[in-house]
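Here the structure is laid out as structure tokens; the discussion comes afterwards.
The values are calculated or read from the model by the stated rules, or taken from the named source; none is laboratory data. What you see is a predicted model; the values in this text were computed from it and never measured. Cβ coordinates were reconstructed from backbone atoms using ideal geometry, including for glycine residues, and neighbour counts include every protein chain displayed.
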Number of protein chains: 2
Amino acid sequence: MAITLKEVAERAGVSRSAVSRTFTQGASVSAKTRKKVEKAARDLGYSPSLIARSLATNRTKLIGLIANNFQNPVFLEVFDLYTRALQERNLRPLLVNLTDQTDPSASVQLLKQYSVDGVIVASSTLPPLFAHAFKEAQVPVVHAFGRFASTPDIHIVGIDNEHCGALAAETLQKHRYKRVAFLGGPQSATSAQDRATGFIRRAKEIGLEIVEILYADAYAYDSGQRAMGKLLQDRRFEAVFCGDDLICMGAMDAARDRGLSIPKDIGFIGFNDMNMAAWQAYSLTTIRQPTSEIILSSVDLVVSMLDTPGRAPEVRLFPCSVVERSTLKPIEN
Amino acid sequence: MAITLKEVAERAGVSRSAVSRTFTQGASVSAKTRKKVEKAARDLGYSPSLIARSLATNRTKLIGLIANNFQNPVFLEVFDLYTRALQERNLRPLLVNLTDQTDPSASVQLLKQYSVDGVIVASSTLPPLFAHAFKEAQVPVVHAFGRFASTPDIHIVGIDNEHCGALAAETLQKHRYKRVAFLGGPQSATSAQDRATGFIRRAKEIGLEIVEILYADAYAYDSGQRAMGKLLQDRRFEAVFCGDDLICMGAMDAARDRGLSIPKDIGFIGFNDMNMAAWQAYSLTTIRQPTSEIILSSVDLVVSMLDTPGRAPEVRLFPCSVVERSTLKPIEN
DNA sequence: GAAATTTTTGCAACCGGTTGCAAAAAACAT
DNA sequence: ATGTTTTTTGCAACCGGTTGCAAAAATTTC
């Protein structure tokens, strides 16, 4: 069917090794044979089979990309960045959609079968245990958006969620709010837990009163909308910290639906600064997570592990910042 | 490193072929040896290498998934559906992010190197020429969301965009609009062209006056917002047909920003019925594209081509329908 | 129980590349 | 021109599976 090494070798009048060498980086071939081979290859329309090469070299140039939230548009940005970053390094993502199948061993099995060179777990909702399974299977792994641990046993790239929660508390106080609510992501997500912890701790320190704590059941619009519906049954707060922009948008729409005006009647601060946060219909004040830095860094890290498998586990944290738009009442001087 | 066939064979006390056969569908092995092999495999934690298998069988179970719009959240739904549908059939997507590199031959080259079993081009903006390149390279290909052709030379799964454009015109007339504008997707996209054609033709037939025709530069929020800004400089229309929901949301926000109220001052009808169209902040009346059907069908089609490579090219069109929400003024009786 | 038939098994070649090693060729030194 | 060093080349084994074929084993038939 397709053209093989052998045919090119015959046409160029050289050995198979010579052909192989002209197509592998840093191999020793004279300019003369290289030229002959390249011509023959061009004539025949040859391109080397990565499958065969993978078998021989034990490298596939495939990186498993594990995700489990296809409801949140922020993941489209994430995929965009990952595919580009990997493509630039001549690697390809093998996408695994985790849906609800929580069993790590199945994915490990799967990606092992494909002999991926490395794995990036891109999720803030998966437990650390998940990335672990790969480490145990000797597959280089990076947990992006994962939970920060002071003595990590796997590579983690992300943010300090606790600190970000604290940042939210400070921002609300700066805007002169006294009584607030917390509307987090799913309670099982480490990111949601940590943001809550930091928020609550800092609020206590600076005298911000938290009158409600509720967790949405997913990082999704509908979940935010529903949860806000519950919170609004007896509103004793003036602003809400939402653990995610999408949840926040759902919550805002629920509030507006009840005739509340933002930020006049109620304030909101979100989390992520996804593209949509800047949309006029929301114009969300939010905490920016440096998605792009996290992604680039996690790709770099997994790439470096390909060469240095024994690398000591590393935590890379990137700073978050407040992006002020118009969902908190203006600060009066 | 990893456990191989040979080691399992030795431990089970059988030949390598026997092991191979217990792990391949429909091969002849006695219950007794199967049991022995399975035990040995379990003990050793063996899982067969798909790479090696691919090399031998010339099948990789990899399907190239080509996309070029990572700005539009509808594509997250698309990815979700594709990854699930493929996973269910024991196939995996190899994602190619086309960004701006328009050269088909590069992607063909790339996917040929990975020996993908088939390719799905999932884009309404790529020219037919693109999918062609794969056909010529003998790779089974389906163009999902592609342009309908009465004598197709490749498989196409999608909708009749002209008819959908006509549907939009009829809906606007039903809602008693007289003078309307068309705000399409990028003019280079066949989908945008066809929706325009159908809309314009039908409008003429039923006496709906089109006073403006403009194309956004991408299927994106910002593009819609900008384009609407232009249209609003001299507004002589009462409603707008937007060739895409996301464009429509941008356009709506631009209109509201100028103090217009929807649908009192201006009406909108979108296209796609993406999840977000149902959001309270927009509650968009739109034309539903049966995304899920298109995707499932295109996966089925590419799978069937794996067995029957010579299959005659086929066009599969799915009907669209109007989803009424609240961006067109109510019909008075 | 022997012959005929069917099923199971192992051998060995193959898929399309890579790579260590030794021989051959080229380049350099004297 | 000869000997030495460096570079290039081909051979052959290997990566981890699959599969056609013939022999061996099990099953059926009479």
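Considering only residues in region B:82-100 that are hydrophobic (A, V, I, L, M, F, W, C) and farther than 19 Å from B:Thr125 by Cβ, the one that is farthest from the other protein chains (Cβ to nearest Cβ) turns out to be B:Leu91.
Within region B:96-129, being assigned to a strand (DSSP E or B) and closer than 23 Å to B:Thr57 by Cα holds for B:Gly118, B:Val119, B:Ile120. Is it fair to say A:Ala9 is within 14 Å of chain B (Cβ to nearest Cβ) and either within 12 Å of DNA strand D (Cβ to nearest atom) or buried (at least 16 other Cβ atoms within 10 Å of the Cβ) (or both)? No; evaluated as a whole, the condition is false for this residue. Of all residues in region B:12-33, those satisfying the criterion of being buried (at least 18 other Cβ atoms within 10 Å of the Cβ) and over 28 Å from A:Val116 (Cβ atoms) are B:Val14, B:Ala18, B:Val29. Checking A:Ala278, A:Ala312 one by one, the residue that is surrounded by fewer than 17 Cβ atoms within 10 Å (Cβ to Cβ), among the small types (Gly, Ala, Ser) and not assigned by TED's automatic domain parsing to the domain that holds A:Gly165 is A:Ala312 and no other. Looking at B:Glu38 and the list (1) surrounded by 13 or more Cβ atoms within 10 Å (Cβ to Cβ); (2) more than 13 Å from DNA strand C (Cβ to nearest atom); (3) among the acidic types (Asp, Glu); (4) more than 8 Å from every other protein chain (Cβ to nearest Cβ), which single condition is not satisfied? Status for B:Glu38: all satisfied but (2). Here B:Ala137, B:Ala227 are screened, and the one residue that is at pLDDT 95 or above, out of contact with any Ser or Thr (no Cβ under 8 Å at 6 or more places or on another chain) and on the phi < 0 side of the Ramachandran plot is B:Ala227. Residues considered: B:Leu65, B:Leu55, B:Leu95, B:Leu5. Of these, the only one that is farther than 29 Å from B:Met276 by Cβ and either polar (S, T, N, Q) or within 37 Å of the chain's Cα centre (by Cα) (or both) is B:Leu55. Here is the figure for region A:36-55: residues that are on the phi < 0 side of the Ramachandran plot and outside any helix (DSSP H, G or I) total 4.
Taking the condition away from DNA strand C (no atom under 12 Å from the Cβ) and under 30 Å from A:Ile120 (Cβ atoms), does A:Asn68 pass?
Details: away from DNA strand C (no atom under 12 Å from the Cβ): yes; under 30 Å from A:Ile120 (Cβ atoms): yes.
In short, yes.
Pairing residues of region A:63-74 that are facing chain B (nearest Cβ under 8 Å) and part of a strand (DSSP E or B) with residues that are charged (D, E, K, R) and surrounded by 24 or more Cβ atoms within 10 Å (Cβ to Cβ), at Cβ distances under 8 Å and at least 6 apart in sequence or on separate chains, gives no pairs at all. Residue under question is B:Asn90, and the condition is that it be within 16 Å of DNA strand D (Cβ to nearest atom), out of contact with any helix residue (DSSP H, G or I) (no Cβ under 8 Å at 6 or more places or on another chain) and not assigned by TED's automatic domain parsing to the domain that holds B:Phe271; does it hold? Against the criterion (within 16 Å of DNA strand D (Cβ to nearest atom), out of contact with any helix residue (DSSP H, G or I) (no Cβ under 8 Å at 6 or more places or on another chain) and not assigned by TED's automatic domain parsing to the domain that holds B:Phe271), B:Asn90 qualifies.
Here region A:286-301 is the region considered, the condition is being within 19 Å of A:Val240 (Cα to Cα) and surrounded by 23 or more Cβ atoms within 10 Å (Cβ to Cβ), and the residue that is farthest from the chain's Cα centre (by Cα) is A:Thr286.
Output the residues belonging to region B:18-35 that are part of a helix (DSSP H, G or I) and either in contact (Cβ under 8 Å) with a residue 60 or more places away in the chain or within 13 Å of DNA strand D (Cβ to nearest atom) (or both). So that I can check it myself, show each step before the final result.
To start, the set of residues in region B:18-35 that are part of a helix (DSSP H, G or I) comprises B:18-22, B:31-35.
Listed by number, the residues that qualify are B:Ala18, B:Val19, B:Ser20, B:Arg21, B:Thr22, B:Ala31, B:Lys32, B:Thr33.
Scan region A:52-62 for residues that are crowded, with 24+ Cβ neighbours inside 10 Å and either free of Cβ contacts under 8 Å to residues at least 24 places away in the same chain or more than 9 Å from chain B (Cβ to nearest Cβ) (or both) and report the count.
0
I'd like to know if region B:220-234 contains one or more residues that are within 16 Å of B:Arg258 (Cβ to Cβ), within 14 Å of chain A (Cβ to nearest Cβ) and surrounded by 22 or more Cβ atoms within 10 Å (Cβ to Cβ). Yes: one or more hits. State whether one or more residues within region B:104-118 are more than 14 Å from chain A (Cβ to nearest Cβ) and at negative phi. There is at least one residue in region B:104-118 that is more than 14 Å from chain A (Cβ to nearest Cβ) and at negative phi.
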